[in-house]
1. To check you understand DSSP bridge types, tell me what percent of the beta bridges within the chain (both residues inside) are antiparallel, rounded to 5.
2. If I model a spin label as a point 7 Å beyond the Cα along the Cα-Cβ vector, how far apart are those points for residue 118 and residue 102 in nm?
3. Over the chain, what is the relative contact order in percent, taking alpha-carbon pairs closer than 8 angstrom and at least six residues apart?
4. Given 0.36 nm per residue, what is the gain on full extension from residue 17 to residue 127 after removing their alpha carbon distance, in nm?
5. The list (i) -0.46; (ii) -0.62; (iii) -0.54 gives values of log10 I(q)/I(0) by the Debye sum over Cα atoms at q = 0.12 Å⁻¹, and only one came from this structure; which label was calculated from it?
6. Taking Cα centroids, how far is segment 39-82 from segment 96-138 in Å?
7. Mind putting a number on the dipole of the chain about its Cα centre? Charges go on the C-beta only, +1 for Lys and Arg and -1 for Asp and Glu, and I need it in Debye to the nearest 20.
8. On full extension of the chain, what length is gained from residue 8 through residue 25, given 0.36 nm per residue of separation minus the C-alpha to C-alpha distance?
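Every number in this text was worked out from the coordinates using simple rules, so none of it is lab data. Since we're looking at a predicted model, the values are computed, not measured. Neighbour counts run over all protein chains shown; Cβ positions are idealised from the backbone, glycine included.
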Amino acid sequence: MNFQVINEESPQLVDELVEGVRTFVHEQLGDETTLPLSVIARDDDGALMGGVSGRTIYSNFLIGVVWVDKKYRGTGLGRKLMESAELEAIGRGCKVSQLDTLSIQAPLFYQKLGFEVVGEVPEFPGSPARYFMMKTIS
């Protein structure tokens, strides 16, 4: 057995690991297609104002990133982006949305949208708390 430490990005390696996980999950739950899902907003000049990006799989909308440019925070753009993404996820048969966020990010924003904390890694020196959140969407 040979262990190796890799200290650089390796998309090919990540793809290989993900494929191994997919094979295992498919053996347990059956075949399912995972599809990317992103909703973005651009201003009239084409600059990115914000967006939501994730994947749909096994009736879940797994949200990987939500970002709104500082200029547009507090305008309702984040809510509109999330609602648009969730409508698309519902159209794909999703029953829940899931995400994780740090205590210094936006847990209150997500709670206002109906997300509940379903798990937590408490704060420790050098790291804020991390919240795992879920919302029923259909």
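1. Working: 29 of 32 bridges.
So the antiparallel bridges amount to about 90 percent of the total.
2. Inter-label distance under the simple model: 2.4 nm.
3. On the way: 196 pairs, mean separation 23.6, N = 138.
For the chain, the relative contact order is 17 percent.
4. Additional length available on full extension: 36.9 nm.
5. Evaluating log10 I(q)/I(0) by the Debye sum over Cα atoms at q = 0.12 Å⁻¹ on these atoms matches (ii).
6. Going from one Cα centre to the other spans 17 Å.
7. Details: 13 positive and 19 negative charges, 136 e Å.
I would put it at about 660 debye.
8. So the extension gain works out to 3.4 nm.
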